[in-house]
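Written out below as C-alpha cells is the structure these notes cover.
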Amino acid sequence: MRTERGFEVLETDVLVVGSEGAGGRAAIAAFEAGAKVIIATKGRVGRTGATVTAGADYTVDGKSAKEICGLSGDERDSPDLYFKDIVTEGLFLGNQELVQAHVDGAPITLRELVDWGMEVFFFESAHHQEMARGAITSGPIIMKTIRNQVKKRGIRALEDVMVLELLIESGRVAGAVVLDMNRGEIIVIQAKAVILATGGWQRAWSFSIAPHELTGDGQAMAYRAGAEMIDMEMVQFAPGVVIWPPRFKGSNVPYILNLLLGEDEGELLNSKGERFMEKYDPVRMEHTSKEIWSLAIVSEMLAGRGTPHGGVWWSFKGVDKKRIKEVADREKGRIFWAGGAEEIIQMALDGVDYEVGAATVYMIGGIRVNGKTETNVAGLYAAGECKGNLWGATRVASAITEVIVEGRSSGAIAADYARHCPAAQIDWEQVEAVRAKTLRPLENTKGLSPIELRKSIQRIADDKVHVIRNGKDLKKAVQELEQLKDQIANNVAVKGAKTRSYNPEWIEAIQLENLRQCLELTALSSLHREESRGAQYRTDYRNCDNVKWLNNTVVRLESGSRKISSEPIVTTKITPPRGVMTYEEALGLELASLKGKTKEER
C-alpha cells in the first residue's frame, strides 16, 4: 500500500468485486493463473450476497453428471439436450456462446467442488424436469467450500467495503474507488483488470427474497463506465413468498416445500377459496414456471380476488401430514436452515394457510458480455447474476451453476489479460469527483431522507415495473425516475449521525443512484420491447413476436447520452423459429422440459 494525494492506494493485477459464488470462484481462478488478486466485498467472504442463501441445486446434464462427476445421472440426457432446453425455454434470446460455455463448464466445476469437499446429498429433478439434473447441496455448504479455498490460497479480501466507481483511462479499466464502510475512508485500488460479481438489483422493489446488499452496484457502475447493458427488462419474480404472518415475510420456504413434495403439492387459493392455477396452467398447476405462477398470483390480486395483505392463500391442508414431516425431516439442516423455517413447516402441519405473493428473486438481464465474460470495456469482466443474456427470457435452471462456471472462466481470462498489459494511470480528477459525490449526503445540512427516497424508488417499481406491465405505466416510471436523478445527486441529506464510521443511513444514500439507475434501465428496456416474452409481460402487447422482437435490448451511454437499440441474438447451433406466437403458445416452449399431469393424475 502507498499513499498518494491523501488516498490509500492498493495495487493488484485483478480486482474482484464480490466474494461469493461468482466472485470467490473468480478470485481462485485468477490466483491459480498467476495473478495478484484482491477481493472487495460489501460483507464477509462466504457470508454475504445471494449464493449463501440458496437452496441449492447444481444443474448439470445427466450424462455428464454420471461420466464426469460420478453421480447417478440419467443416461437419456446429454450436454446437447441441456443446451437445447436452455435456448428453447429461454425463448431464444440467450447468447448461445454463453450457453455452450455454461453447459461445458457445469460438470467440470461441479467435479472440482466435490473434490474440494463440497457435500452432494443426492441427484434428482430439482425444477420439476422430466429428467434429473440437480446435484442437491446448499448455499452455506457451497460457500464454506469456496471460502476455505480462498483462505487456503491466502487471497487478500477487503471486507465491509463498497466499490463506488470504476476508474477508466483511455477506454480501459484502471481500477476502482472504494469506501471502507467501517472506517469511512476512501481507498483507491489500481488494477489491470476488474471482474464484477455483484449480483442483481432486486432491492429496487419493496418485496424481495434477495439479500439487502443487492442494489445494482455492479450494473450501475459498469453502465457509467461505458459498458453495455442487455435485456434489463427481464426480471424474474419468485411466487409463493410469504407476505403474512409478518415475522416470516420474505421467506420462500412454502415454495421450496412445494417443490420437494413433488406430486403431493399444496394449492394456491384466491379470496373466494378457488384453486385458480387451473386457469393459468391446467397441465402443471402449482408446478409450473416462476413466470406463470407470478403472473397468476398478481392477476388474481388485480382482479380483486386477493387476500387481506396483498397476496393469495397457499394451503397445504390437502397434503398428507406424514409426507410433509418426512420431507421436512429429510431436509433439516440443508434447505430449511434459515431462521423461522421450522415454525413455517409447523403451520403447514397444523393446516394453517399462508398469505403469499410474488417477490423479486433473480435478474435475467444485466451487463452485456461475450462468451468469454468480456464486456465492451477493455479489462472489465462480469460473471454470474450481474451479467445478462445467458438464460434469455427466463431462467430455466440453477443460478448456482451459472455463478461458479462464469466465475472460474472470468478469473482465468482476466488474469491472462492482466499478464499482457501494463497498469493504466489513475485519473485523480475522477477520484476527487467520486469522493465529493460520496461525502455530499453527510455534508448537506438540509435535504431529502435517503430512506424515503428509497421507498419512492420502490413504489415506482411496485406500481409500474412489476410482473404485469403496460406502456403507459412504464413511460410514467421512466419520467418519475428521471425526476429523482437530480434530487439523489444533490439533495440527499443524512438526517441522523454524521459519523463516517459504519453509518447505515449514509450507505443507503450512496446506494440510491445505483438502484434508481438500474430500475430506470429496466423500465426503459421494458418500454422498448413491445411484446410479451418470458419474464416480460405487457398487457398492451400480448404476443411473442419472433418477426420483430427476436433480438436483444441493449442500452449504452454514448458521449453522455443514453442510447437504446435492438440487436441480433447470438446463435451457434439452434436457429429460432420465425412467426408470431401468443404468450400462451410461447409458454409451451418455456415449459418443454417440465413434467405435466393429466386431470386424472391431479
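The values are calculated or read from the model by the stated rules, or taken from the named source; none is laboratory data. The shown structure was predicted, so the numbers you read here are calculated from the model rather than taken from an experiment. When we count neighbours, we look across all protein chains shown, and the Cβ atoms used for this are built from the backbone with ideal geometry, even at glycine.
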**Asked** Within the bounds of the range 213-223, is there any residue that is of a type outside the set (S, T, Y) and part of a strand (DSSP E or B)?
**Response** no
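One line per residue, one yes/no per condition, for (1) in a helix (DSSP H, G or I); (2) in contact with a Ser or Thr (Cβ under 8 Å, 6 or more places away or on another chain); (3) over 23 Å from Q511 (Cβ atoms); (4) not assigned by TED's automatic domain parsing to the domain that holds S299:
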| residue | (1), (2), (3), (4) |
| --- | --- |
| R408 | yes, yes, yes, yes |
| G411 | yes, no, yes, yes |
| D416 | yes, no, yes, yes |
| R435 | yes, no, no, yes |
| R459 | yes, yes, no, yes |
| A477 | yes, no, no, yes |
| A489 | yes, no, no, yes |
Condition met for I189 (over 26 Å from I400 (Cβ atoms) and either buried (at least 19 other Cβ atoms within 10 Å of the Cβ) or in contact (Cβ under 8 Å) with a residue 24 or more places away in the chain (or both)):
yes
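So which of T51, T88 ends up being in contact with a helix residue (DSSP H, G or I) (Cβ under 7 Å, 6 or more places away or on another chain) and surrounded by fewer than 22 Cβ atoms within 10 Å (Cβ to Cβ)?
Numbers: T51 fails: surrounded by fewer than 22 Cβ atoms within 10 Å (Cβ to Cβ).
Exactly one of T51, T88 is in contact with a helix residue (DSSP H, G or I) (Cβ under 7 Å, 6 or more places away or on another chain) and surrounded by fewer than 22 Cβ atoms within 10 Å (Cβ to Cβ), namely T88.
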Going through the range 379-435 in order, the residues found to be more than 23 Å from K290 (Cα to Cα) and aromatic (F, W, Y) are Y381, Y417, W428
Filter the range 417-447 for residues that are under 31 Å from the mean Cα position of the chain (by Cα) and basic (K, R); the one that is nearest to A35 (Cα to Cα) is R419
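So, in the range 491-516, exactly how many residues are of a type in the set (S, T, Y) and at negative phi? Spell out the reasoning first.
Taking the range 491-516 as the starting set, the residues that turn out to be of a type in the set (S, T, Y) are 499, 501-502.
From what is left, the residues that are at negative phi are 499, 501.
Within the range 491-516, residues that are of a type in the set (S, T, Y) and at negative phi number 2.
Could you tell me whether the range 581-591 includes any residue that is outside any strand (DSSP E or B) and at pLDDT 95 or above? Walk me through it before giving the result.
Applying the first criterion (outside any strand (DSSP E or B)) to the range 581-591 yields 583-591.
Next cut, at pLDDT 95 or above only: none.
There is no residue in the range 581-591 that is outside any strand (DSSP E or B) and at pLDDT 95 or above.
Of all residues in the range 1-37, which are part of a strand (DSSP E or B) and either of a type outside the set (A, V, I, L, M, F, W, C) or crowded, with 22+ Cβ neighbours inside 10 Å (or both)? Give the steps one after another, and end with the answer.
Quick first cut of the range 1-37, residues part of a strand (DSSP E or B) only: 2-4, 7-17, 37.
Scanning the range 1-37 gives R2, T3, E4, E8, E11, T12, D13, V14, L15, V16, V17, V37.
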